[in-house]
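Structure, as structure tokens:
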Amino acid sequence: MANPPFITKFRAFQLDSAGSLFSFFKKNTYTLIEARLPKGGIEVLEQDLKYNGKSTIDVLHITSWDSDHCSFDDLSQILNKLRPEKIEIPDYEPSSDTGELCRNILLKYDNIHDKYVHNVQVISKEYIRSLANAPAGGAGNVVIESSYRSDCKNDMSLIKLFRSVGFNVLSLGDCESPDIAKKLLTYPLLTSEVDVLILPHHGAHNGFIFDEFLAKLNPKVAVCSSNYGNQYDHPRQEIRDMLYEANIPIYTTKTGDIIITQREDESAASIFNLNQDNNGVSSQSSFIPKRYQQNN
């Protein structure tokens, strides 16, 4: 397969039902964020992989055991057809039978495929604290502690900053506690390097997003995984208003996929809002990633 023309590519997929699904590509590494299938099924993921010069997933990153983040049927197809080399899962007990089924399948994934290779990594507090500190301005991904003692399992979602030599993407899963958000603001790495913010909990208004959080994080764009007919009206108008006041553009998957790309010979990242009805581009814009602004 030919090498893809991008140093970084991010895609937020539209789904047929409530849920989240993203991909992040850099340096020949393809990460699928969440175990869901997009509108159009597994073939859409196969096409996305092929476009990035891949046939299998390098990393499957699951932020939450809720079915809108990890569906058993979708997970089964992903494991069987796209063979993730590494799988990252949260370190908490699921509260549903479906979540428990997904977790059990994944914990047995090593034995099913190759008992001599450790494929599945539980992202525990101990694991995170064993990692070396990430240098500022680097391109290595960064995992950050959420909460391991909360009564709300949403707050045990995985938090990860996906970094590259292009733009960076912050994934927050379903986190909803303002205390977690305030803690994130104490990390200079986040306040200086986040370009794309995936809105937590599909853009719910639960206190996690507040004016100071947006001002200090100061992302270039916000992305929300939200279907057109979702029952909770995500992203909530209060979140939209805060983003508007902070001059942060918001993109949703209500009408189609969101694709952000950056080429090696360009300092600007391009944003494409696809229209699923005719496979065309309904809008296009761009931004300069923070690392390029800091280097100039």
Fill in the blank from the handout: VAL143 passes all but one of the listed conditions (1) loosely packed, with under 15 Cβ neighbours inside 10 Å; (2) at pLDDT 95 or above; (3) of a type in the set (Val, Ile, Thr); the exception is number (1)
Practice task
Could you give me the residue pairs with C-beta distances under 9 Å whose first residue belongs to the stretch 36-56 and is closer than 23 Å to SER67 by Cβ and without any contact (Cβ under 8 Å) to a residue 40 or more places away in the chain, whose second residue is surrounded by 15 or more Cβ atoms within 10 Å (Cβ to Cβ) and among the β-branched types (Val, Ile, Thr) wherever it lies, and which are 6+ apart or on separate chains?
Solution key: ARG36/ILE78; LEU45/ILE57; LEU45/ILE78
Handout entry: Restricting the stretch 119-153 to residues that are assigned to a loop (DSSP other than H, G, I, E, B), without any contact (Cβ under 8 Å) to a residue 40 or more places away in the chain and small (Gly, Ala, Ser), the residue that is farthest from LEU190 (Cα to Cα)
Key = SER150
Problem - Tally of residues being among the charged types (D, E, K, R), touching a helix residue (DSSP H, G or I) at 6+ places or on another chain (Cβ under 8 Å) and in a helix (DSSP H, G or I) across the stretch 89-108 - result: 0
Handout entry: Complete set of residues in the stretch 162-189 that are surrounded by fewer than 21 Cβ atoms within 10 Å (Cβ to Cβ) and in contact with a Leu (Cβ under 8 Å, 6 or more places away or on another chain)
Key = LEU185, LEU189
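The values are calculated or read from the model by the stated rules, or taken from the named source; none is laboratory data. What you are looking at is a predicted structure, and each value in this text was computed from that prediction instead of being measured. Every residue, glycine as well, gets a Cβ built from its backbone with ideal geometry; the counts of neighbours run over all protein chains shown.
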